[in-house]
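Following: one structure in structure tokens, then a few remarks.
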Amino acid sequence: MLQERIADVSKFVEPDRVRREVYTDGQIFELEMQRIHETVWIYCGHESQIPKAGDYYTLQIGRQPMLMVRGKDRKVHVLYNRCPHRGNMMCGDRHGNTGEQFRCSYHAWQFHHDGTLKNIPMMESGYAGTRVNKGSPELNMKPAARVESYRGFVFASLAPTGPTLKEFLGKSIVAFDDMCDRAPGGEVEVVPNCFRVIQHSNWKLFMENQIDALHPSVTHQSTGRAAHEVEKQIAKKAKAGEALSYHMLSAFATVTIDKWDNFQTINYPYGHCILTGYMGLRPQDPDTKAYDKLMIKAYGQKRFEEIVGVNIHHVLVYPGLSVQSPLQQLRAVRPLGVDRTLTEIWHFRLKGAPEAIYRRSLAYYNLVNSPATLINADDLENFWKCHQGLSSDGGDWVSFARHHGHDIEKPGEVSSAPNQGTSEAPMRNQMKAWAKYMTA
Amino acid sequence: MKAQQDVEQFLYRQSELLDTKRWQEWIDLFTPDGIYWMPPAPEYKTWDGQPAIFAEDKNLMTVRMNRVLHPDAWSQRPLWETNHVVSNVRIQSSGKNLVVRSRFHMMELRRDDVRHFAGSYEHHLTKTKKGYRIKLQRVDMTNAQAAYDYVLQVWV
């Protein structure tokens, strides 16, 4: 049954519409975990999450429980979180320090940080003459097939072959360059807190929403209006610039539907996408000026202008990462099931930047990305409602027809046309990549 | 004993205002520079300049109130009710400015789903002519570090 339908998976995706089962069918979910998430490069975490030898963080790649650990040689390893003896999960905590070695809580098998076997209790007396002997690779904790890091951002692929990380990221690599370049020190470090929020919908609804330039003024109107009202009150009393954090919210109301068309999406192979346009945040307040000075000192005027001129709202690294580089935050998407998705939300500090600049993006992290979010509450409500509707027999298709046929195609990229920023080109591009993975 | 009873009545009233959705009256319980703070973990020492689930002054409280009162706050459209119980009230200091610790349990109904949140409050209260006012309310959720299944829309 599955094979019959999967042989036909190309029929689930048309250039401007997609069958609803793509979001709701459990067997399709299993297959996409296998062919997409457990194949492509998936974001594991940032190197600064695990500064000391033995520091580890657990994470999920597709359906696989993994861990990212710092070795004594400073190298970052990504391993299956599983003891090769009886399959016990090696680390039960979400993060911590494993000490000199991993030690299984069940029978005390021990492993080096790179996953290779260190010791089995009573190895000589217990295993003489058996198939178990030191040096056989099946006695190691299994490593991810490939691990690569770019500017501190660690990715793993569970497939031994395929494009390199840089080839895979292509132009979406700007997410990490833009974030790090904005630091006078050229690097970022993680703010040690992860907000985790579960939504009751398929993971693809999240990815599609992140670069959906049409939804903010509808979905987030209530917060936009509320913030705009308070912003006006503050402006009456305060000095210019003080209400900046409210501006991030009020933009959802003051930037009306037609204006969001001024934004643009640029879509790349593998389903990646950039949403350009930034909520007018290049202010001229004293904090920004102090930061600009440090940046000019670090990079020179010309390079500085290039860096702060990068015009990005969101970068989407398909299938599992949404980066807001100008605000130094990202959301990693971990599918838990066909109708349940976890997002892990991190904020980064620009090395060498003034405290005020950190606080400005922190305000956004807290207001938009915390579990008491003033924004995503309404997104999550929509995601749930979408998933419910798509589970019904009320219709078979999801439409991505907006501005279809008007996009500008160049080799290696598809852009929405001028003043068509709300084009559903990103969704079409994601589903194109999805179909390619699924039929490969 | 008088202070104990006054403080308890104050805390009960605060939770009653939440459960009856009298948002403006709830906000009015804070001093003009009052802060409502929910840290992401118990080890946090200050609300300022740190990741926070909530770190709201009265302006932000007003944004949140206006949002939930807006007719297009979609996530607020479904049936949504809460029920707080506050207990274990202990006054930690005496005088005009009090530090009060207590425990709470909140049951939330949203559509057909029930969620439970529990934890501790730390109220920094100051006595005014109108009675106690909150300079700082710290809310430590026992489940603050667990993944949030859906989000928190209003103060706990």
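The numbers here are math on the coordinates, done by the rules we state, and not lab data. All figures in this text were calculated on a predicted structure; none of them were measured in a lab. Backbone-built Cβ (ideal geometry, glycine too); neighbour counts: all protein chains shown.
When the trypsin sites (Lys or Arg not before Pro) in the range B:90-156 are filtered for DSSP coil states and for at most 13 other beta-carbon atoms within 10 Å of their beta-carbon, the remaining sites are B:LYS96, B:ARG111, B:LYS129, B:LYS130. Charge tally for A:CYS273 (other residues, Cβ to Cβ under 14 Å; Lys, Arg +1; Asp, Glu -1): -1. For the range A:93-182, the fraction of C-alpha pairs more than 16 angstrom apart is 68%.
For chain A, A:CYS44, A:CYS91, A:CYS180, A:CYS194, A:CYS273, A:CYS386 have no disulfide-compatible partner, since no other Cys C-beta lies under 4.7 Å from theirs. How would A:ASP285, A:ASP378, B:ASP112 line up from fewest to most surrounding beta-carbon atoms within 10 angstrom? Lowest to highest Cβ neighbour count: B:ASP112, A:ASP285, A:ASP378.
Residues considered: B:VAL139, B:VAL86, B:VAL114. Largest GNM mean-square fluctuation over chain B, using C-alpha springs under 10 Å, is found at B:VAL114.
The range A:119-163 and the range A:53-72 have Cα centres lying 13 Å from one another. Sorting B:SER93, A:SER217 from the fewest to the most surrounding beta carbons within 10 angstrom yields B:SER93, A:SER217.
Dipole of chain A computed with +1 at Lys/Arg Cβ and -1 at Asp/Glu Cβ about the Cα centre; of A:HIS77, A:TYR43, A:PRO319, farthest Cα towards the positive end is A:HIS77. In a fully extended conformation the segment linking A:LYS75 and A:ALA356 would gain 97.9 nm over its present Cα-Cα distance, using 0.36 nm per residue. Name the residue farthest towards the positive end of the dipole of the protein assembly as shown from the options B:LEU79, B:LEU18, A:GLN27, assuming +1 on Cβ of Lys and Arg, -1 on Cβ of Asp and Glu, about the Cα centre. Going by the Cα projections, it comes out as B:LEU18.
From helices alone, the protein assembly as shown scores -9000 deg cm²/dmol at 222 nm; the rule is -39500 (n - 2.57) for each run of n ≥ 4 DSSP H residues, then divide by the residue total. The magnitude of the dipole of the range B:2-141, with charges of +1 and -1 set on the Cβ of Lys/Arg and Asp/Glu and taken from the Cα centre, is near 460 debye. When the C-alpha to C-alpha distance is required to be over 26 Å, the pairs from A:LYS166/A:LYS289; A:LYS72/A:LYS171; A:LYS232/A:LYS297; A:LYS171/A:LYS293; A:LYS171/A:LYS432; A:LYS232/A:LYS385 that qualify are A:LYS166/A:LYS289; A:LYS72/A:LYS171; A:LYS232/A:LYS297; A:LYS171/A:LYS293; A:LYS232/A:LYS385. Across chain A, C-alpha contacts under 8 Å between residues 6 or more apart give a mean separation that, scaled by the residue count, equals a relative contact order of 21 percent. Only helices reaching 18 angstrom along their own axis (Cα) with mean Kyte-Doolittle hydropathy no lower than -0.5 count here, and for the DSSP H runs of chain A these are A:355-369. Shape analysis of the range B:2-141 based on the Cα gyration tensor places the equivalent ellipsoid semi-axes at 25, 17, 16 Å, largest first.
Using C-alpha pairs below 8 Å separated by at least 6 residues, the relative contact order for the range B:29-156 is 26 percent. Taking only Cα atoms, what is the 0 to 90° angle, nearest 10, from helix B:58-69's long axis to the longest principal axis of chain B? So the inclination is approximately 40 degrees. Computed about its Cα centre, the charge dipole of the protein assembly as shown is approximately 1540 debye, with only Lys, Arg, Asp and Glu carrying charge at their Cβ. Kirkwood Rh over Cα pairs of the range A:122-227 into Stokes-Einstein at 4 °C, 1.567 mPa s: D in µm²/s? Answer from the Stokes-Einstein relation: 67 µm²/s. Straightening the chain between A:GLU14 and A:LYS293 buys 95.4 nm, computed as 0.36 nm per residue apart minus the Cα-Cα spacing. Per residue, the average separation of C-alpha pairs within less than 8 Å and at least 6 apart gives the range A:50-150 a relative contact order of 24 percent. Using R0 = 30 Å, the C-beta based FRET efficiency linking B:ASN143 and A:SER392 works out to 0.35. Within the listed set A:LYS204, A:LYS385, A:LYS302, the residue fluctuating most in the Gaussian network model of chain A (springs between alpha-carbon atoms under 10 angstrom) is A:LYS302. Relative to the longest principal axis of the Cα atoms of chain B, the long axis of helix B:2-19 lies at roughly 10 degrees. Using only C-alpha positions, report the orientation-averaged shadow area of the convex hull of chain A, nm², one decimal. The orientation-averaged projected area of the Cα hull of chain A comes to 23.8 nm². Taking amide H atoms as placed 1.01 Å from N in the peptide plane, the amide H of A:TRP109 lies under 5 Å from those of A:CYS104, each 5 or more residues away in sequence or on another chain.
Label the range A:50-150 by shape, choosing from rounded, prolate and oblate, from the square roots a ≥ b ≥ c of the eigenvalues of the Cα gyration tensor; if a/c is under 1.5 it is rounded, and otherwise prolate applies when a/b is larger than b/c, oblate when it is not. Verdict is prolate for the range A:50-150. Computed from the C-beta positions of A:ALA417 and A:ALA159 and an R0 of 41 Å, the FRET efficiency is 0.70 to the nearest 0.05.
Label sites at B:THR20 and A:LYS385, each approximated as a point 7 angstrom past Cα along Cα to Cβ, lie 3.1 nm apart. Each of A:LEU139, A:TRP109, A:MET122 was placed along the dipole of the range A:50-150 (beta-carbon charges, centred on the mean Cα), and the one lying farthest toward the positive end is A:LEU139. Share of antiparallel DSSP beta bridges in chain B, in percent to the nearest 5? Rounded to the nearest five, the antiparallel share is 90 percent. With a 10 Å cut-off around each Cβ of B:143-155, the average count of Cβ atoms from other chains is 6.
Restricting attention to chain B, the count of lysine pairs at 8 or more positions apart or across chains with alpha carbons under 19 Å apart stands at 14. Counting other Cβ atoms within 10 Å as a rough exposure proxy, the listed residues B:HIS105, B:HIS70 run B:HIS105, B:HIS70 from fewest neighbours to most.
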